[in-house]
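Visitor: Before we start, here is the structure in question, set down as structure tokens.
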Amino acid sequence: MSSRVRPIVRRWLSISLSTLYLGAAPLALADSAILEGERFHPQVGEHGMVATSHYLASQIAHDVLAKGGNAVDAAVTAGFALAVTQPRSGNIGGGGFMLISDEQRDEVIAIDYREKAPAAAYATMFQNDQGEAVPQLSRFTHNASGVPGTVAGLALALDKYGTLSLAEALAPAITLAEEGFSVPPRFAEGLEQAQDRLKQWDSTRKVFYKPDGSNYRAGERFRQPDLAATLKRIAAKGPREFYEGETARLISAEMQRHGGLMTAQDLADYQPRIRQPVHGNYRGYDVYAMSPPSSGGAHIVQMLNILEGYDIHAMGFNSARTIHLMAEAMQRAYADRAKYLGDPDFVDVPLAGLTSPAYAAKLRAEIPLDHATPSTEIAAGKPLPYESNETTHFSIADDNGLAVSNTYTINFSYGSGIVVDGAGFLLNNEMDDFSAKPGAPNAYGLIGGEANKVEPRKRMLSSMTPTIVKKDGKNFLITGSPGGSRIITTTLQVVMNVIDHGMNIQSAVSAPRIHHQWLPDEIRIEDGISPDTQALLEAMGHTLSQQAAMGAAQSILIEPDGTFTGGADPRRSTSSAMGL
Ligand code: GLY
């Protein structure tokens, strides 16, 4: 343990470590920690904090910081570790977005490593002869995959902001893949639930199930030799190995065997992009979030702009009035999303208009205070003219003013369900995030328009919302979430819980959430919204739908005195925040 760890923090560390070594320790240890409620207490640190959805990734990222690495070193190392320990969403076969805030340079940048459509992609590729969208094609075939961006994106972050070599950042992931780890209950349950889909493919069955076809059980050791070999090649030859070397050859061969459109040239052509994040201001806090091709930043800023006009604190956390106003703001943002958002390299996204306080004021004026607006009465608004634009999230911060907010994904749990034979990793099914046909909903019920139609080499629209909030130039809140269409509203509520309701970070992350996405016309609620509040909302004309928990917002709050607090989301049983 690092000598940098001061005594006051040791209690939190010991709590955390008792849950971290699930891989090596009897499961009963973790179970008792959960029963005692220890795992989800706020974690505190003086020198830094990591919050990820898997305790092994958190442990590894924590160790990087403890040995003097910076937040980007820890983030890239965690990203590769999650690709091994959490294959339902951690990945090298997908893509994502990373926000990096560097206080010393007073700079926040975004790395866009979103997947891209192959060059041979075309607008009607997921439609049948009658012009109807066929979801099976965009979700569970080789054509469901965009060209993966994760390896290039993480390598770019490390090159630009890190201090470790790529080989050093990959080393823990290689060890985990080669030597294996003890299967957590969530891992075993996930593979069991998805087995009908995953066992269809020989390449996937070989990796994720035992030689006799049976399932791994919690506590058993799980090794991934093909993935270890892939990661070793990348460590030895650099990130272009994935795009031009043996790994690219294995991906191309997988595509050719099954008629997939992605070619060796598509892989060779892939490049991540550095973009300016969306910037807004909420009650004196600077909010930075992902710019297009994610819709996340545009709409979290738009919703915050609308909500800033109300005294949310006085209305109270999850009161009927607060939920009503959040739902009304959400509806209007998601209606605009359907019309205006797409890859900014292809379409003019009216970002300045969508995020302007003047547009928010116009939308706010349309919101009734006492009754729900039916979604049929809401259409995309007219923002000011364009002026010049199963996923996993982790947050990491160090004591040199560097903070990382990263969300990456292969879309569904286990993506397309197809492992690249011989390479040992799952391919994404991110092509389903395009509008297969303008007006047809994607898997999350999100409607897309012309701006998000399939086009060659285009990035599909995302909802991922890695977010960094600063106060007086200092990193303050690092957050984001998985959850498909619920990502933006989950992240919104963590920000509001901290700024409007003064919650500590663990409470802000754990508190029950709501979601409205315009269509369907309902407020989705988690368990924990009081029946009284529900009755008041229904009396206002809202339809409520209680469904499964939403998101997993692994988050960090940095107090004005520099103390780091972490919030691991209890909605994922493997979540872990660790301070040092
Ligand atoms: N695949 C989910 C998203 O990018 O929003």
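The values are calculated or read from the model by the stated rules, or taken from the named source; none is laboratory data. Note that the structure is predicted; figures quoted are calculated from it, not measured. Please note: Cβ atoms are built from the backbone with ideal geometry, for glycine as well, and neighbour counts cover all protein chains shown.
Visitor: Just name the residue that is nearest to the ligand (Cβ to nearest atom) out of those in the range 462-477 that are of a type in the set (Val, Ile, Thr) and under 19 Å from Tyr113 (Cα atoms).
Guide: If we filter the range 462-477 for residues that are of a type in the set (Val, Ile, Thr), which is where we start, we get 465, 467-469.
Filter once more, so that each one left must be under 19 Å from Tyr113 (Cα atoms): 465, 467-468.
Details: Thr465: 9, Thr467: 14, Ile468: 19 Å.
This residue is Thr465.
Visitor: Mind checking which helices (runs of 4 or more DSSP H) fall wholly inside the range 48-154 and carry at least 1 residues that are over 15 Å from the mean Cα position of the chain (by Cα) and over 24 Å from Lys437 (Cα atoms)? It would help to see each step written out before you state the result.
Guide: Values: elements: 55-66, 71-85, 135-139.
Result: 55-66, 71-85.
Visitor: If you don't mind, there's one more thing I want to ask. Which residue out of Ile529, Ile558 is among the hydrophobic types (A, V, I, L, M, F, W, C) and either modelled with pLDDT under 95 or surrounded by 23 or more Cβ atoms within 10 Å (Cβ to Cβ) (or both)?
Guide: Numbers: Ile529 fails: either modelled with pLDDT under 95 or surrounded by 23 or more Cβ atoms within 10 Å (Cβ to Cβ) (or both).
Exactly one of Ile529, Ile558 is among the hydrophobic types (A, V, I, L, M, F, W, C) and either modelled with pLDDT under 95 or surrounded by 23 or more Cβ atoms within 10 Å (Cβ to Cβ) (or both), namely Ile558.
Visitor: For the structure I just gave you, tell me whether Gly483 is at positive phi and within 16 Å of the ligand (Cβ to nearest atom).
Guide: Values: at positive phi: yes; within 16 Å of the ligand (Cβ to nearest atom): yes.
So Gly483 fits the description; yes.
Visitor: Suppose we keep only residues that are modelled with pLDDT of 95 or more and surrounded by fewer than 24 Cβ atoms within 10 Å (Cβ to Cβ) within the range 414-453. Which one would you say is farthest from the ligand (Cβ to nearest atom)? Walk me through it before giving the result.
Guide: Step one: list which residues in the range 414-453 are modelled with pLDDT of 95 or more, which gives 414-431.
Of the ones still in play, those that are also surrounded by fewer than 24 Cβ atoms within 10 Å (Cβ to Cβ) are 421-422.
Numbers: Asp421: 24, Gly422: 26 Å.
Checking each candidate, the answer is Gly422.
Visitor: In addition: Taking the range 376-386 on its own, how many of its residues are buried (at least 19 other Cβ atoms within 10 Å of the Cβ) and in a helix (DSSP H, G or I)?
Guide: Total satisfying the criteria: 0.
Visitor: Across the range 394-413, which residue is nearest to Glu46 (Cα to Cα) among those that are small (Gly, Ala, Ser) and within 16 Å of the ligand (Cβ to nearest atom)? Show your work before the answer.
Guide: Of the range 394-413, the ones small (Gly, Ala, Ser) are 395, 397, 401, 403, 405, 413.
Next, from what is left, pick out any that are within 16 Å of the ligand (Cβ to nearest atom): 405, 413.
Details: Ser405: 19, Ser413: 35 Å.
The extreme case among them is Ser405.
Visitor: Now for a different question. Would you call Thr355 farther than 30 Å from Gly579 by Cα, more than 16 Å from the ligand (Cβ to nearest atom) and surrounded by fewer than 23 Cβ atoms within 10 Å (Cβ to Cβ)?
Guide: Numbers: farther than 30 Å from Gly579 by Cα: yes; more than 16 Å from the ligand (Cβ to nearest atom): yes; surrounded by fewer than 23 Cβ atoms within 10 Å (Cβ to Cβ): no.
In short, no.
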